[in-house]
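Below is one structure, written out as structure tokens; comments come after it.
The values are calculated or read from the model by the stated rules, or taken from the named source; none is laboratory data. No experiment lies behind these values; they were computed from the predicted model shown. Cβ: placed from backbone, ideal geometry, glycine included. Neighbour counts: every protein chain shown. For the accessible areas, the whole protein counts, side chains as well, though only heavy atoms, and no ligand, DNA or RNA atoms are used. Shrake-Rupley method; radii C 1.70, N 1.55, O 1.52, S 1.80 Å.
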Amino acid sequence: MSPEHSPAASRPPVARVFFALWPPAELAATLAGVARDFAHQAGGRPSRQDTLHLTLAFLGDVPISRLPELQAAAEGVRGEAFALTLDHFGLWQHNRIFWAGCATPLPLAALVHDLKVALAASGFNMADANRPFVPHMTLVRKVARLQTPVAQCVPQQWMCREFVLVRSRVAASGADYEVLTPFPLIG
């Protein structure tokens, strides 16, 4: 089969995308330090400061031609601004991830719900649609020593005033993220 007739050649170009909350630089720097310290003790790959985020909805590969439609769906979401406090660390042994998490404040739960409803109404499938929403920020991947004690978390708070549409490009060195569109939260 010639390359131009292969199944890959007939697929439209895609972008791997997700919606997220992006922490302020100071908080990201603090969490990147925690990630480096834990990775030093437990092994694994710490998340870079510029990639730290809290995923709201992961869509995976979306045709680039549909990105304006995706942005329009998100523009209809009118969430309110809220304070988010990361107040505990955890270690998921099944996928070897060390993370920082929080309780789900009502405005965050409403934002995630409204975003998922808007995306589904516009015909977008979310790769994580069947998983319960667990707000967290991945700090270390591929943790090698799973019995490493997890430190107590000093609560870290930030005011969430927007959510963003992000494009992910995976490379050997890890993922690189590009914020495509910010969406303001009211208040």
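Scan (1) out of contact with any Gly (no Cβ under 6 Å at 6 or more places or on another chain); (2) under 19 Å from W92 (Cα atoms) for the single condition R145 breaks and write down its number.
Here R145 meets the rest and fails (1).
Yes or no, residue by residue, for (1) in contact with a helix residue (DSSP H, G or I) (Cβ under 8 Å, 6 or more places away or on another chain); (2) assigned to a strand (DSSP E or B):
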position	(1), (2)
V143	yes, no
Q147	no, no
W158	yes, yes
F163	yes, yes
V166	no, yes
V170	no, yes
D176	yes, yes
T181	yes, yes
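Looking at segment 152-164, I want the residues that are surrounded by 15 or more Cβ atoms within 10 Å (Cβ to Cβ) and have a partner that is modelled with pLDDT under 95 with Cβ atoms under 7 Å, at least 6 apart or on another chain. Which pairs are those?
That search, which allows pairs on different chains as well, returns nothing.
Looking only at segment 165-179, decide whether some residue is in contact with a His (Cβ under 8 Å, 6 or more places away or on another chain), open to solvent by 40 Å² or more (accessible area, probe 1.4 Å) and touching a residue at least 40 places away in the same chain (Cβ under 8 Å).
Step one: of segment 165-179, the residues in contact with a His (Cβ under 8 Å, 6 or more places away or on another chain) are 166, 177.
From the residues that got through so far, the ones that are open to solvent by 40 Å² or more (accessible area, probe 1.4 Å) too are 177.
From what is left, the residues that are touching a residue at least 40 places away in the same chain (Cβ under 8 Å) are 177.
For segment 165-179, residues in contact with a His (Cβ under 8 Å, 6 or more places away or on another chain), open to solvent by 40 Å² or more (accessible area, probe 1.4 Å) and touching a residue at least 40 places away in the same chain (Cβ under 8 Å): present.
When segment 97-132 is examined, which residues are found to be closer than 23 Å to A32 by Cα and open to solvent by 40 Å² or more (accessible area, probe 1.4 Å)?
A103, T104
Checking L56 against (1) touching a Phe, Trp or Tyr at 6+ places or on another chain (Cβ under 7 Å); (2) crowded, with 16+ Cβ neighbours inside 10 Å; (3) over 20 Å from F133 (Cα atoms); (4) not β-branched (V, I, T): exactly one of these is not met. Which one?
(3)
Report every pair of residues separated by at least 6 positions or lying on different chains whose Cβ atoms are under 9 Å apart, first residue within segment 68-92 and within 20 Å of W158 (Cβ to Cβ), second part of a helix (DSSP H, G or I) and of a type in the set (D, E).
Partner pairs satisfying both residue conditions: V77/D114; G79/D114.
Can you work out which of the residues in segment 1-50 that are modelled with pLDDT under 95 and either hydroxyl-bearing (S, T, Y) or open to solvent by less than 20 Å² (accessible area, probe 1.4 Å) (or both) is farthest from A109 (Cα to Cα)?
Filtering first and then ranking leaves S2.
For V62, which of the numbered conditions (1) in a helix (DSSP H, G or I); (2) aliphatic (A, V, I, L, M); (3) open to solvent by less than 50 Å² (accessible area, probe 1.4 Å) fails to hold?
(1)
Does segment 125-141 hold any residues that are outside any loop (DSSP other than H, G, I, E, B) and farther than 17 Å from S47 by Cα, and which are they?
none
Might you let me know whether segment 82-98 holds any residue that is within 18 Å of the chain's Cα centre (by Cα), polar (S, T, N, Q) and farther than 22 Å from V170 by Cα?
yes
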